Structure formats: structure tokens, C-alpha cells
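Following: one structure in C-alpha cells, then a few remarks.
Just so it is clear, none of the values below were taken in a lab; they were calculated from the coordinates. Owing to the predicted nature of the structure, the values given are computational and were not obtained by experimental measurement. All Cβ positions, even for glycine, are placed from backbone atoms using ideal geometry, and neighbour counts span all protein chains on display.
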Amino acid sequence: MLEVESKYLSPGNDKIEKTLQMIGAVKTSEEEMEDIYYRHPVRDFGKTDEALRLRKTGDSSELTYKGPRMHMQHTKAREEITMRMENPLAMQRIVERLGFAEFMTIKKRRVNYIYDKIRIAVDDVDGLGEYVELELITEEPKRAERLIEQLRAELALSKVEPRTYLELTLQKAKD
């Protein structure tokens, strides 16, 4: 399965949430997330465009491998393999014993919505600001891109942000 997504600077999360409610999107959850990214012991994930992330959300955690991005016209797609876990500290120790080093932690508050099978994440990311992500997990990336583009237009999102939160955080640290 591929994750097809597009990220936008939010024109204001309150405004976006009101629009989502008006079009009939269903609010599914609100959560605080802590994403810990790891550096590979041999490969440079920055050059290979991969990521290994441990996400902690409330009482649940998951480990995710993200493959290189395939850039499409308006979205990006990438392989994503996720494993949920009961004991994030044990997983963290396993990953570190395998030679991976903790690289960066990003914290955000997220409000999740579903609309026509598209997952909408309304994010407030520490140190970066407010963003909206539109995402569809699929085996048909072209169709997913069309659906995401239609919803983008309906939400009047115009400022595309092609970089990941990790890339944005690294860029901000350089500036």
C-alpha cells in the first residue's frame, strides 16, 4: 500500500475545522503526538529519502518505516510500513541496540477528520505552526491524487508545503 498525501500551510486551524464540519467531514479524534526519528547506522536517510519513526500518542505507539517519495503532480506517494506496539520503551531499546540513533523529536497536536475516505489531519506543530495534511492509503495513486486535489480545492488550501515536518524542523535549525 502507498500513502498518498499533500500538506498545506493552514489559513487558520479554526477556519479549516469549521469548513470541514460544513462539508460533512467526521471528526475522529484529537491527540498529542511525539515523533522520534532515528538515524540509520550505515545509510544516510537524508540522501535515500527514507525515515524510521517511533510515534507515541497517548497510550499507543507505533514504529513506521517510510520509503523514498514518488513525486506526483500535486501530491507525494511513498511506501509506509507501520507496526503498532504495546511497549514503546522496549522497541526504542531494540532499535538503538541495532545501531539506530535517536536523531530528532517533533511534537504536535492533531485533530483528525475523515471525508470520503480521505484522512484530514489539522496539525499544530511545535516550532513550525499550523498545517493541514490530506492523505489516502491506496494502491491507486493517480485516483488518490485526483480525490485529494478535489478536497484541496473545496477547502481553499493554496500554499502547498512539499517538505516533511522533519525537513522543516531541520531547515529551521539551520536558519
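Details
- Whole-number D in µm² s⁻¹ for the range 125-175, Kirkwood Cα-pair radius fed into Stokes-Einstein, 10 °C, 1.306 mPa s: 124 µm²/s
- Restriction of the trypsin sites (Lys or Arg not before Pro) in the range 26-81 to DSSP coil positions whose beta-carbon has at most 11 other beta-carbons within 10 angstrom yields ARG43.
- Whole-Å semi-axes of the ellipsoid equivalent to the range 76-175 (Cα gyration tensor, √5λ, descending): 28, 19, 13
- Kirkwood-type radius of the chain, with distances r between different C-alpha atoms, in Å: 16.9 Å
- Subset of LYS7/LYS66; LYS15/LYS56; LYS117/LYS159 violating a 25 Å alpha-carbon distance limit: LYS15/LYS56
- Phi-based couplings in Hz for the range 3-19 (Karplus 6.51, -1.76, 1.60; Gly and Pro marked x): 9, 10, 8, 9, 10, 9, 5, 7, x, x, 4, 4, 4, 4, 5, 5, 5
- Rg/Rh ratio calculated on Cα atoms of the range 72-115 (Kirkwood radius): 1.07
- Packing, taken as the mean count of other beta carbons within 10 Å per residue, orders the peptides 79-90, 148-159, 6-17 from highest to lowest as 6-17, 148-159, 79-90.
- Cβ-placed point charges (K, R +1; D, E -1), dipole of the range 2-170 about Cα centre in debye, nearest 20: 280 debye
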